[in-house]
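Let me begin by presenting the structure, written as C-alpha cells, before commenting on it.
The values are calculated or read from the model by the stated rules, or taken from the named source; none is laboratory data. Keep in mind the model is a prediction, meaning the values are calculated, not measured. FYI the Cβ positions are ideal-geometry reconstructions off the backbone, even for glycines, and counts take in every protein chain you see.
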Amino acid sequence: MMVPSEAEPTSSPPQPKRLYQAWKGNNVFLCGGRLILGPDAASLLLSSFLVAGPAIVFCYQMQSKFFRSNGQPHMHRAALLIVIITTLVDLFFLFMTSARDPGIVPRNTRAPPPEADERNLPATPSMEWSVGGTPRMRFRRTKDVNVNGVTVKLKFCETCLRYRPPRSSHCSICNNCVQKFDHHCPWVGQCIGLVSTHGYCLFPTISHIEYHYDKHLAEQKKTNLS
C-alpha cells in the first residue's frame, strides 16, 4: 500500500512590477501611478495656497462688507460666483500641469547596438564618443537623421541610453529626457514639455485675468463706499 506523499509547497511566481514601481527617474507617483509629480512636488502646495488664499480673503471681504452696503444682491452673488469659478479653474490647470506626464521619453535598460558604420571606426581625437557598457562598444554623441527632408542632429543621452528626439533635453532635477523640454518650473514642481505646455500657459493666464477682475471689483467697492 502506497502512502501518498505530502504536497510540496509551490512558490508562486513573482508578480511583475508596474512601470512606476521600476521607475529610475526622480518622480513621485500617486494613485497607483496615475499621477506623476516632480521631486519638488511640495511646491504645488505653496502655489495652491498663493492662488486660493487671496481668493478666499477677497470673497470673505465681499460677503461681509460689499454686500451689506449695496442693494443689488443678485449682481453681488454673480460677481462672487465668477471669482470662485475662476479660482477653481486656475487650480485645475495648476494641478493638471503638475500631476501629468510632461512628455517623458522612455529610457532604455541597456545601450542600443551600434550601427553598421560605427562598429569598427577608430577613436580619433577629433570625434566625440560615448562609451557604452562594454569597452568595445562606442556611440557617437550626435548623429544626423532626416526628418521630412530636413537634416536633424540627435544627441545621445548617457543616462537614458538612447538618442533623444528633436527638441528634447534631459532634466537634471527629474532625471528624465522630456520631449520639447522648455524648463523645470519650481512653482508647479514639474517639467514643462510637450504635454504640459498648454496647461502651463493657461495657468498664469487665468491667474492674470482673476487678478484684474478682483482689482476691478475692489476699486468698485471703494467707489460705492465713498
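Here are a few things to note about the model shown:
- Those residues of the range 86-134 which are in a loop (DSSP other than H, G, I, E, B), surrounded by 13 or more Cβ atoms within 10 Å (Cβ to Cβ) and modelled with pLDDT of 80 or more, in sequence order: Ala99, Arg100, Asp101, Pro102, Gly103, Arg107
- Taken as a whole, the range 167-189 holds no residue that is in contact with a Phe, Trp or Tyr (Cβ under 6 Å, 6 or more places away or on another chain), under 30 Å from Phe58 (Cβ atoms) and not in a loop (DSSP other than H, G, I, E, B).
- If the condition is being in contact with a Lys or Arg (Cβ under 9 Å, 6 or more places away or on another chain) and at pLDDT below 90, then the range 36-53 contributes no residue at all.
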